[in-house]
Amino acid sequence: MMDAISYELTPRDVLFFRDARPMDTLKRQRGDLRMVGHGANWPRPDLLFSAVIHTLLGDPERPEAQHYGSVKELVVRGPFPLREGTLYLPRPLDWDMALEPLPAGTTDLPAPLTHGFLDKTVGKKSRPAWVSAEGYARYLRGEPVRDVEAEIPALWDKEPRVGTTLDDARHASARDRGQVSGQWWMETLRLAPGVTMLCDVREEKAATLAGRDVRFGGQGGTVRFDKARGPGLEARLRALPQGKPSRFVRWTLLAPALFMKGWYPNWLDEAGHVMLPMEAVERRPGESRKAWRARAQAERKPFPTARLIAARIDSPVVFSGWDSVTRAKPTELAVPAGACYVFECADVAEAAELIKVLHLRQRSDLGEKGFGLGVCSYFAV
């Protein structure tokens, strides 16, 4: 497999990454201003995938008739905020929480969950949306994180943009007809000084992105792709610790995840047992994809006892989309970054094998688009 290239993305101006709220519902908000979009959101990984693939498909050295299908193995990770060499990651949802077994019949937790997360502190709390890689390492090691980065400087700001509405028929202002045109208002994202976006791109032509301006998000926003000056994203993530070995494994999402069963991973059975193979079945030279998948299913060796016992999930990430082929895309509900799942294994050896198949692997639908990226750590119960 080819190596990924780490890029730092530097915006040319503000960026726009819309959420699931409708664009321009003709409702008047903020007085006489018409809302046309909430775009001050950190970009999802699929938006990065879309920006990269459209740029690579438009390779000027390739005849236009050969553009479609010329990019087949693209995989992305990120982007994540990078401020003056420090990487920031989404705060885990079990930050400063303890895991406790719950007596059967005393909660309404869905099966197969048997443990719940409880706050270690009582009362009002101030928790950051992002934490530095150093603070994240403390979390993975199981060290106290109560006072770690209670407040960090903002990584980006919401910047409003205001403009004049146009007449639908004439595509001009209505002032010449004795009427004053209305105004629209939208939110955009502006990175704080010294902040860039760090990402990984794996594809045969990924090196051609260096130094290029790429459209990213909506409203024509662009970012410049520069090769990372320090350690790449994968190297930084590989450097994160996994804590003291135990038979409990925690899988924490760094990016949103999509599962056909909602919050419940597709690779778990109804009892919570991990159905992923302990060892990958490699494809043989000349073997068809259909034959390889059938053989992999027959030869798979599932985990003997590893099962889900706890999960910490927040409100889903709601998004949709639009393209010229399929038109409106269906609305998706993704498990948010920071969500975590805890698994119980028979012993430390099985836990180590589980970490091998989950750690820094995109175990989600649309994993090639960056969904489902997570890190593993041993957990004390």
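The values are calculated or read from the model by the stated rules, or taken from the named source; none is laboratory data. Computed from a prediction, not measured in an experiment: that's the story for all the values here. We place every Cβ from the backbone using ideal geometry, glycine too, and count neighbours over all the protein chains shown. Just the protein is used for accessible areas: all its heavy atoms, side chains included, with ligands, DNA and RNA removed. Shrake-Rupley method; radii C 1.70, N 1.55, O 1.52, S 1.80 Å.
Below are the figures for this structure:
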read-out: All positions within the stretch 260-312 that are of a type in the set (A, V, I, L, M) and over 19 Å from Leu358 (Cβ atoms); value: Ala291, Ala294, Ala298
read-out: The stretch 93-116 residues that are among the aromatic types (Phe, Trp, Tyr), paired with ones that are part of a loop (DSSP other than H, G, I, E, B) and surrounded by fewer than 17 Cβ atoms within 10 Å (Cβ to Cβ) (beta carbon under 8 Å, 6 or more apart); value: Trp95/Arg127
read-out: Residues being assigned to a strand (DSSP E or B), in contact with a Lys or Arg (Cβ under 6 Å, 6 or more places away or on another chain) and open to solvent by 30 Å² or more (accessible area, probe 1.4 Å) - total across the stretch 195-221; value: 1
read-out: Of residues in the stretch 222-242 being of a type in the set (Gly, Ala, Ser) and surrounded by fewer than 16 Cβ atoms within 10 Å (Cβ to Cβ), the one farthest from Arg138 (Cα to Cα); value: Gly230
read-out: Hey, Leu93 within 19 Å of Ala228 (Cα to Cα), of a type in the set (A, V, I, L, M) and modelled with pLDDT of 85 or more or not; value: no
read-out: Count of residues meeting criterion [of a type outside the set (A, V, I, L, M, F, W, C), outside any strand (DSSP E or B) and modelled with pLDDT under 90] in the stretch 317-362; value: 2
read-out: Some residue of the stretch 130-137 being among the acidic types (Asp, Glu) and either over 27 Å from Ala40 (Cα atoms) or modelled with pLDDT under 80 (or both); value: no
read-out: Count of the stretch 349-381 residues which are open to solvent by less than 30 Å² (accessible area, probe 1.4 Å) and closer than 22 Å to Ser246 by Cα; value: 13
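Residue-by-condition table, conditions (1) over 27 Å from Phe49 (Cα atoms); (2) in contact (Cβ under 8 Å) with a residue 60 or more places away in the chain; (3) charged (D, E, K, R); (4) in contact with a Pro (Cβ under 6 Å, 6 or more places away or on another chain):
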site: Val249; (1), (2), (3), (4): yes, yes, no, no
site: Lys261; (1), (2), (3), (4): no, no, yes, no
site: Trp267; (1), (2), (3), (4): no, yes, no, no
site: Arg284; (1), (2), (3), (4): yes, no, yes, no
site: Arg289; (1), (2), (3), (4): no, no, yes, no
site: Arg295; (1), (2), (3), (4): yes, no, yes, no
site: Ala298; (1), (2), (3), (4): yes, no, no, no
site: Arg307; (1), (2), (3), (4): yes, yes, yes, no
site: Ala310; (1), (2), (3), (4): yes, yes, no, no
